[in-house]
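One structure is given below, encoded as C-alpha coordinates.
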Amino acid sequence: RKEVEQDPGPFNVPEGATVAFNCTYSNSASQSFFWYRQDCRKEPKLLMSVYSSGNEDGRFTAQLNRASQYISLLIRDSKLSDSATYLCVADNYGQNFVFGPGTRLSVLP
Amino acid sequence: EAQVTQNPRYLITVTGKKLTVTCSQNMNHEYMSWYRQDPGLGLRQIYYSMNVEVTDKGDVPEGYKVSRKEKRNFPLILESPSPNQTSLYFCASSSPSGRNYEQYFGPGTRLTVT
(Lines give C-alpha, C1' and ligand atoms only; values in the text may rest on other atoms or scores of the structure.)
Protein backbone atom coordinates (compact mmCIF):
# COMPACT_ATOMS: atom_id res chain seq x y z
CA ARG A 1 0.00 0.00 0.00
CA LYS A 2 1.35 3.41 -0.96
CA GLU A 3 1.96 5.85 1.87
CA VAL A 4 0.03 8.63 0.17
CA GLU A 5 -2.80 7.78 -2.20
CA GLN A 6 -4.79 9.93 -4.59
CA ASP A 7 -7.29 9.33 -7.31
CA PRO A 8 -5.23 9.90 -10.49
CA GLY A 9 -8.18 11.28 -12.42
CA PRO A 10 -8.35 12.89 -14.84
CA PHE A 11 -11.05 15.17 -13.55
CA ASN A 12 -12.59 17.02 -16.50
CA VAL A 13 -14.73 19.90 -15.30
CA PRO A 14 -16.28 22.96 -16.99
CA GLU A 15 -15.12 26.46 -16.16
CA GLY A 16 -16.79 27.76 -13.04
CA ALA A 17 -17.32 24.33 -11.51
CA THR A 18 -16.35 23.36 -7.99
CA VAL A 19 -14.07 20.35 -7.77
CA ALA A 20 -12.76 18.45 -4.76
CA PHE A 21 -9.76 16.15 -4.44
CA ASN A 22 -9.11 13.76 -1.61
CA CYS A 23 -5.88 12.21 -0.47
CA THR A 24 -5.18 9.59 2.19
CA TYR A 25 -1.96 8.95 4.06
CA SER A 26 -0.94 5.86 5.99
CA ASN A 27 1.86 7.14 8.25
CA SER A 28 0.22 8.36 11.44
CA ALA A 29 3.51 10.07 12.39
CA SER A 30 3.08 12.58 9.56
CA GLN A 31 2.91 16.08 10.95
CA SER A 32 2.83 18.47 8.01
CA PHE A 33 0.72 18.37 4.90
CA PHE A 34 0.76 20.26 1.64
CA TRP A 35 -0.82 20.55 -1.76
CA TYR A 36 1.55 21.15 -4.64
CA ARG A 37 0.67 21.97 -8.21
CA GLN A 38 2.63 20.63 -11.17
CA ASP A 39 2.22 21.78 -14.75
CA CYS A 40 3.09 19.44 -17.60
CA ARG A 41 6.31 17.86 -16.22
CA LYS A 42 7.61 21.13 -14.84
CA GLU A 43 8.73 21.43 -11.24
CA PRO A 44 6.11 21.14 -8.50
CA LYS A 45 5.21 24.39 -6.79
CA LEU A 46 3.61 24.85 -3.41
CA LEU A 47 -0.09 25.62 -3.69
CA MET A 48 -0.86 25.68 0.01
CA SER A 49 -0.02 24.15 3.34
CA VAL A 50 -2.77 22.27 5.14
CA TYR A 51 -3.50 23.07 8.76
CA SER A 52 -5.56 21.06 11.22
CA SER A 53 -8.09 23.85 11.50
CA GLY A 54 -8.51 24.01 7.74
CA ASN A 55 -7.38 26.94 5.67
CA GLU A 56 -8.47 28.96 2.70
CA ASP A 57 -6.59 30.89 0.07
CA GLY A 58 -8.88 32.64 -2.38
CA ARG A 59 -10.74 29.97 -4.34
CA PHE A 60 -8.82 27.14 -2.68
CA THR A 61 -9.73 25.45 0.60
CA ALA A 62 -7.72 22.71 2.27
CA GLN A 63 -8.87 20.45 5.07
CA LEU A 64 -7.11 17.89 7.22
CA ASN A 65 -8.78 15.05 9.08
CA ARG A 66 -6.16 13.41 11.31
CA ALA A 67 -8.53 10.80 12.71
CA SER A 68 -9.31 9.47 9.25
CA GLN A 69 -5.89 10.37 7.85
CA TYR A 70 -7.10 12.23 4.83
CA ILE A 71 -6.55 15.63 3.29
CA SER A 72 -8.81 17.42 0.87
CA LEU A 73 -8.54 20.29 -1.57
CA LEU A 74 -11.55 22.20 -2.83
CA ILE A 75 -11.33 24.49 -5.82
CA ARG A 76 -14.25 26.85 -6.38
CA ASP A 77 -15.07 28.68 -9.60
CA SER A 78 -12.53 26.69 -11.65
CA LYS A 79 -10.47 28.60 -14.20
CA LEU A 80 -8.81 27.26 -17.34
CA SER A 81 -5.49 28.11 -15.67
CA ASP A 82 -6.25 25.65 -12.86
CA SER A 83 -5.60 22.77 -15.27
CA ALA A 84 -2.63 20.91 -13.79
CA THR A 85 -1.71 17.92 -11.67
CA TYR A 86 -2.25 18.36 -7.95
CA LEU A 87 0.12 16.53 -5.63
CA CYS A 88 -0.68 15.73 -2.02
CA VAL A 89 2.28 15.59 0.38
CA ALA A 90 2.67 14.22 3.90
CA ASP A 91 5.77 15.02 5.90
CA ASN A 92 7.31 14.19 9.26
CA TYR A 93 9.07 17.31 10.54
CA GLY A 94 10.91 17.84 7.27
CA GLN A 95 12.54 14.42 7.36
CA ASN A 96 10.25 12.33 5.25
CA PHE A 97 8.40 14.11 2.47
CA VAL A 98 6.12 11.62 0.74
CA PHE A 99 4.29 12.65 -2.40
CA GLY A 100 1.11 11.13 -3.71
CA PRO A 101 0.99 10.17 -7.39
CA GLY A 102 -1.05 13.26 -8.25
CA THR A 103 -4.54 14.00 -9.52
CA ARG A 104 -4.88 15.46 -12.97
CA LEU A 105 -7.39 18.26 -13.48
CA SER A 106 -8.55 19.59 -16.83
CA VAL A 107 -10.82 22.62 -16.78
CA LEU A 108 -12.72 22.86 -20.04
CA PRO A 109 -14.08 26.01 -21.70
CA GLU B 1 16.26 35.79 -6.89
CA ALA B 2 15.73 32.79 -4.62
CA GLN B 3 16.09 29.65 -6.65
CA VAL B 4 17.24 26.07 -7.01
CA THR B 5 19.28 25.37 -10.13
CA GLN B 6 20.06 22.04 -11.75
CA ASN B 7 22.45 21.14 -14.52
CA PRO B 8 22.22 19.76 -17.05
CA ARG B 9 18.54 20.15 -17.89
CA TYR B 10 18.66 17.39 -20.49
CA LEU B 11 21.11 14.52 -20.77
CA ILE B 12 21.31 11.50 -23.03
CA THR B 13 23.99 9.02 -22.09
CA VAL B 14 24.95 5.39 -22.47
CA THR B 15 24.85 2.55 -19.98
CA GLY B 16 27.80 2.55 -17.59
CA LYS B 17 29.12 6.05 -18.24
CA LYS B 18 29.41 7.87 -14.92
CA LEU B 19 27.53 11.14 -14.68
CA THR B 20 26.81 13.87 -12.16
CA VAL B 21 23.78 16.12 -11.98
CA THR B 22 24.49 19.28 -10.04
CA CYS B 23 22.04 21.05 -7.74
CA SER B 24 22.58 24.40 -6.10
CA GLN B 25 20.37 26.63 -3.95
CA ASN B 26 20.89 30.23 -2.88
CA MET B 27 18.46 30.33 0.04
CA ASN B 28 20.80 29.01 2.75
CA HIS B 29 18.49 26.03 3.25
CA GLU B 30 19.59 23.21 5.51
CA TYR B 31 17.52 20.49 3.87
CA MET B 32 18.08 19.27 0.32
CA SER B 33 16.65 16.31 -1.48
CA TRP B 34 16.63 14.44 -4.80
CA TYR B 35 13.55 12.92 -6.38
CA ARG B 36 12.82 11.00 -9.51
CA GLN B 37 9.47 11.16 -11.25
CA ASP B 38 8.13 8.39 -13.43
CA PRO B 39 4.69 8.05 -15.06
CA GLY B 40 2.19 6.45 -12.71
CA LEU B 41 4.64 6.39 -9.81
CA GLY B 42 4.79 10.05 -8.86
CA LEU B 43 7.75 11.64 -7.13
CA ARG B 44 9.97 9.24 -5.23
CA GLN B 45 12.74 10.38 -2.93
CA ILE B 46 16.24 9.13 -3.77
CA TYR B 47 18.41 10.75 -1.10
CA TYR B 48 18.11 13.65 1.26
CA SER B 49 20.42 15.74 3.40
CA MET B 50 19.54 17.49 6.63
CA ASN B 51 22.72 19.58 6.59
CA VAL B 52 26.36 19.63 5.52
CA GLU B 53 27.97 16.17 5.69
CA VAL B 54 24.63 14.60 6.69
CA THR B 55 22.95 12.48 4.04
CA ASP B 56 20.45 9.65 4.19
CA LYS B 57 18.70 7.25 1.86
CA GLY B 58 15.21 7.91 0.63
CA ASP B 59 12.86 5.36 -0.88
CA VAL B 60 14.83 4.50 -4.04
CA PRO B 61 18.57 5.01 -3.39
CA GLU B 62 19.94 2.03 -5.34
CA GLY B 63 22.32 3.07 -8.11
CA TYR B 64 22.77 6.63 -6.82
CA LYS B 65 25.22 8.50 -4.62
CA VAL B 66 25.17 11.99 -3.19
CA SER B 67 27.46 14.29 -1.26
CA ARG B 68 26.94 17.44 0.79
CA LYS B 69 30.27 19.15 1.24
CA GLU B 70 28.80 22.65 1.14
CA LYS B 71 25.42 23.88 2.26
CA ARG B 72 24.39 25.21 -1.14
CA ASN B 73 25.32 22.18 -3.29
CA PHE B 74 23.93 18.66 -3.41
CA PRO B 75 25.12 16.74 -6.49
CA LEU B 76 23.57 13.46 -7.59
CA ILE B 77 26.01 10.89 -8.90
CA LEU B 78 25.21 7.89 -11.07
CA GLU B 79 28.37 5.75 -11.04
CA SER B 80 27.13 3.28 -13.66
CA PRO B 81 23.83 4.44 -15.16
CA SER B 82 21.39 1.86 -16.45
CA PRO B 83 18.30 2.25 -18.67
CA ASN B 84 15.97 1.90 -15.66
CA GLN B 85 17.39 5.20 -14.39
CA THR B 86 15.87 7.00 -17.34
CA SER B 87 13.62 9.48 -15.60
CA LEU B 88 12.87 13.10 -14.73
CA TYR B 89 14.93 14.20 -11.73
CA PHE B 90 14.15 17.05 -9.36
CA CYS B 91 16.29 18.60 -6.68
CA ALA B 92 14.57 20.42 -3.83
CA SER B 93 15.54 22.45 -0.78
CA SER B 94 13.74 23.67 2.30
CA SER B 95 14.18 25.21 5.70
CA PRO B 96 11.97 25.05 8.76
CA SER B 97 9.43 27.85 8.63
CA GLY B 98 6.94 27.99 11.41
CA ARG B 99 5.09 24.71 11.50
CA ASN B 100 5.77 23.68 7.94
CA TYR B 101 8.66 22.98 5.63
CA GLU B 102 7.91 24.29 2.15
CA GLN B 103 10.12 22.65 -0.48
CA TYR B 104 11.44 24.64 -3.42
CA PHE B 105 12.15 22.61 -6.53
CA GLY B 106 14.67 22.99 -9.29
CA PRO B 107 13.48 22.96 -12.92
CA GLY B 108 14.23 19.27 -13.40
CA THR B 109 16.76 17.18 -15.34
CA ARG B 110 15.47 14.83 -17.99
CA LEU B 111 17.86 11.88 -18.19
CA THR B 112 17.83 9.19 -20.86
CA VAL B 113 20.14 6.20 -20.53
CA THR B 114 20.45 4.05 -23.65
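The values are calculated or read from the model by the stated rules, or taken from the named source; none is laboratory data. Just so it is clear, the structure is predicted and the values come from calculations on it, not from any experiment. Cβ sites come from the backbone with ideal geometry, for glycine too, and all protein chains shown count toward neighbours.
Can you spot a residue in segment B:49-63 that is hydrophobic (A, V, I, L, M, F, W, C) and surrounded by 20 or more Cβ atoms within 10 Å (Cβ to Cβ)? For segment B:49-63, residues hydrophobic (A, V, I, L, M, F, W, C) and surrounded by 20 or more Cβ atoms within 10 Å (Cβ to Cβ): absent. Scanning segment A:90-109 for residues that are more than 9 Å from chain B (Cβ to nearest Cβ) and either within 17 Å of A:Ser49 (Cβ to Cβ) or not in a strand (DSSP E or B) (or both) yields A:Ala90, A:Asn92, A:Pro109.
The set of residues in segment A:33-76 that are of a type in the set (S, T, N, Q), under 26 Å from B:Pro39 (Cβ atoms) and within 12 Å of chain B (Cβ to nearest Cβ) contains only A:Gln38. Within the option set B:Glu70, B:Glu79, being among the charged types (D, E, K, R) and over 21 Å from B:Tyr104 (Cα atoms) holds for one residue only, B:Glu79. When every residue of segment B:10-27 is checked against the conditions, at least one turns out to be under 29 Å from A:Ser52 (Cα atoms), over 13 Å from the mean Cα position of the chain (by Cα) and not basic (Lys, Arg). For segment B:79-92, check the following and say yes or no: at least one residue is among the hydrophobic types (A, V, I, L, M, F, W, C) and more than 11 Å from chain A (Cβ to nearest Cβ). Looking through segment B:79-92, none of the residues is among the hydrophobic types (A, V, I, L, M, F, W, C) and more than 11 Å from chain A (Cβ to nearest Cβ). Restricting B:Ile46, B:Ile77 to residues that are surrounded by fewer than 22 Cβ atoms within 10 Å (Cβ to Cβ) and either more than 13 Å from B:Leu111 (Cβ to Cβ) or among the hydrophobic types (A, V, I, L, M, F, W, C) (or both) narrows the list to B:Ile77.
Hey, does segment A:29-39 have a residue that's surrounded by 13 or more Cβ atoms within 10 Å (Cβ to Cβ), out of contact with any Ser or Thr (no Cβ under 8 Å at 6 or more places or on another chain) and farther than 14 Å from A:Ala90 by Cβ? Checking segment A:29-39: not a single residue is surrounded by 13 or more Cβ atoms within 10 Å (Cβ to Cβ), out of contact with any Ser or Thr (no Cβ under 8 Å at 6 or more places or on another chain) and farther than 14 Å from A:Ala90 by Cβ. Scanning segment A:58-97 for residues that are at pLDDT below 90 and not charged (D, E, K, R) yields a total of 6. Scanning segment B:64-74 for residues that are outside any strand (DSSP E or B), without any contact (Cβ under 8 Å) to a residue 40 or more places away in the chain and surrounded by 14 or more Cβ atoms within 10 Å (Cβ to Cβ) returns B:Tyr64, B:Ser67, B:Arg68.
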